[in-house]
1. May I ask you to evaluate 6.51 cos²θ - 1.76 cosθ + 1.60, the Karplus curve with θ = phi - 60°, for each residue of the stretch 333-340 and list the ³J(HN,Hα) values in order in whole Hz, giving x for glycine and proline?
2. How would H356, H47 line up by accessible area, probe 1.4 Å, largest first?
3. Sequence-distant or interchain residues sharing an amide H contact under 5 Å with L555, placed H: which?
4. Quick one: dipole size for the stretch 506-564, taken about the Cα centre, charges +1 on Lys/Arg Cβ and -1 on Asp/Glu Cβ, in debye to the nearest 20.
5. Extension gain D222-E534, at 0.36 nm per residue separation less the Cα-Cα distance, in nm?
6. Rolling a 1.4 Å sphere over the protein heavy atoms, what is the accessible area per residue of the chain, to the nearest Å²?
7. Once phi is turned into ³J(HN,Hα) by the Karplus curve 6.51 cos²θ - 1.76 cosθ + 1.60 with θ = phi - 60°, what whole-Hz value does each residue of the stretch 400-414 show in order, with x for glycine and proline?
8. Along the stretch 314-330, what does the Karplus equation 6.51 cos²θ - 1.76 cosθ + 1.60 (θ = phi - 60°) give for ³J(HN,Hα), rounded to whole Hz, x for Gly and Pro?
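The values are calculated or read from the model by the stated rules, or taken from the named source; none is laboratory data. This is a predicted model, so every value here is computed, not measured. Because the Cβ atoms are built from the backbone with ideal geometry, glycine has one as well, and the counts that use them run over all protein chains shown. What goes into the accessible areas is simple: the full protein's heavy atoms, side chains included, and nothing from ligands, DNA or RNA. Shrake-Rupley method; radii C 1.70, N 1.55, O 1.52, S 1.80 Å.
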Amino acid sequence: MTYSFQMTSDWWRTAAIYQIYPRSFADANGDGMGDLAGITSRLDDLHELGIDAIWLSPFFTSPQRDAGYDVADYCDVDPRFGTLADFDAMLAEAHARGIRVIIDLVPNHSSDEHEWFQAALAAGPGSAERARYLFRDGRGPAGDEPPNNWDSVFGGPAWTRVVEADGTPGQWYLHLFDSSQPDFDWTNDEVREEFRGILRFWLDRGVDGFRVDVAHGMIKADGLPDYTPPADGGSMGGAAVTAGVPLEPEISSEPGDLAPYWGQDGVHEIYRDWRALLDTYPGERILAAEAWVDPLPRVANWVRPDEMHQAFNFAYLETPWDAAALRGVIDASLDAFGSVGAPSTWVLSNHDVVRHATRLSVTEANPQGHGLGPRSNGLPSYEPGLRRARAATTLMLALPGSAYLYQGEELGLPEVIDLPDEAREDPTWFRTNGERYGRDGCRVPIPWEADSPSYGFGPSEASWLPQPAQWRELARDRQRGVDGSTLELYRSLLRRRREHDLGSGAVEWLPGFRDDVLALRNGDVIAVANTGTEPVELPAGDVLVASEALTGRSLPGDATAWLRA
Ligand code: BGC
């Protein structure tokens, strides 16, 4: 297979990277669950969209208790998604179209069905098998209280007690997520060596990099001390976000403020080790950190020159549609990442957050991971949310650095709020007894063809989460070639971003606009974003693309336009 893209260095500094959530992207065999062959069959659509790379959420062998983020075999494909041969075919076809492929690596925890965890249960306290995970004796005279007070990200305690081989209640194991996701002990060299082998396995197959799951969680503070997180914190360690309410920027960066399981210094030597390993491979293979830590200068520690290449910019994702807050986070991002020589990344949606076509007009605080459902407060209506989302994406794609897009946002898909309770699968929903809806609403299989079964998701009507009737009008074939559609907006933004090389540019703020308007120059492009309600007059220059139809040179509220400078 010949690569049709240049093996240029630093491709990742400017790349537009499209996140595929394999369960919900395209289903080739009609079982209602997306698969690798489905992805291969839709690569032409992604090529047409104009992205540089795809990142695939997990497709590895897994009981799917957390939608694949519970891995039982890191070096094989779950039969639900296909085979290793399907993976190789998908990778070759992506490369043939000039699309690089990043896969998900889940090193903080395995599935409880992983052979190591099963061996740990069988081997008993004090064994080498248990030492690969975080088993501890319980507190209290009978050891029947958890070793500390930590809560799981998905709700409920972060510890589960096992029954020992002789039938007696035994030790407890740590799981920052679901009880089916035991945390590894990353101070154990055997764990480190195992993951070097997993990296090599996929690098040898030709992947272009790894998105590293929970890259802020692998090392825990010595002694596993008690900790109670702030009440308004997001479950992954990020902040809560509400439309119109700016972030509190002054979160302290003192190490003592960190949760004992997030952002511990010891994680960095692991990434230095991995970086050295990746650098032995040709073609700029990358590491991208999912590290929910505040503030941005701390996130920059993940992308120092000898560590990862990129870190997700969750501070940007969590910023409301507010000119001052956006300007603040853009400056802070460019400063923080720039100070270590890394590009900033930008992101508005992913498989863990409320889709931005909905989120940007929710009126009540909604911490990350809590999700939305019929009984949530502050529910938005679709049109204003979509309008803001289009404006927000048009601003984001004008920024220098690398941008992440989440499947379906190019169609303007909203969060699906009215999923029936019995359809929900997110462990958060179960572990909080329905108090938090969780993340299913952003994971509904996406629509391709308005008049096909499952809107073209697959050849049958089956869909692991029910698709709303609204998917018909939002299907890709209804939007392709239609002036003003969200799909055509994304295509034109991505094309012009590449033509004008915006990814490698710089931001210069333009003065003279109202407080609720942002205006910036990046190379030969000016972007004007109106976060207010009153129209604003655009400066001189041909309009290249706009998130809303313009009347003359007036940019309406909740809209962004690009002009030739
Ligand atoms: C992933 C989630 C997953 C969690 C546990 C995350 O940050 O993005 O989807 O539930 O890690 O693996």
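1. 5, 5, 5, 5, 5, x, 5, 10
2. Ranked list, largest accessible area first: H47, H356.
3. For L555, whose amide H was placed from the backbone, the distant partners under 5 Å are V536, E537, L538.
4. Rounded to the nearest 20 debye, it is 160 debye.
5. This chain segment gains 106.9 nm when fully extended.
6. Value returned for the chain: 36 Å² of accessible area per residue.
7. With the stated coefficients, the stretch 400-414 comes to x, x, 10, 10, 9, 10, 10, 3, x, 5, 5, 9, x, 5, x Hz.
8. 6, 4, 5, 4, 8, 7, x, 7, 8, 4, 5, 5, 5, 4, x, 6, 5
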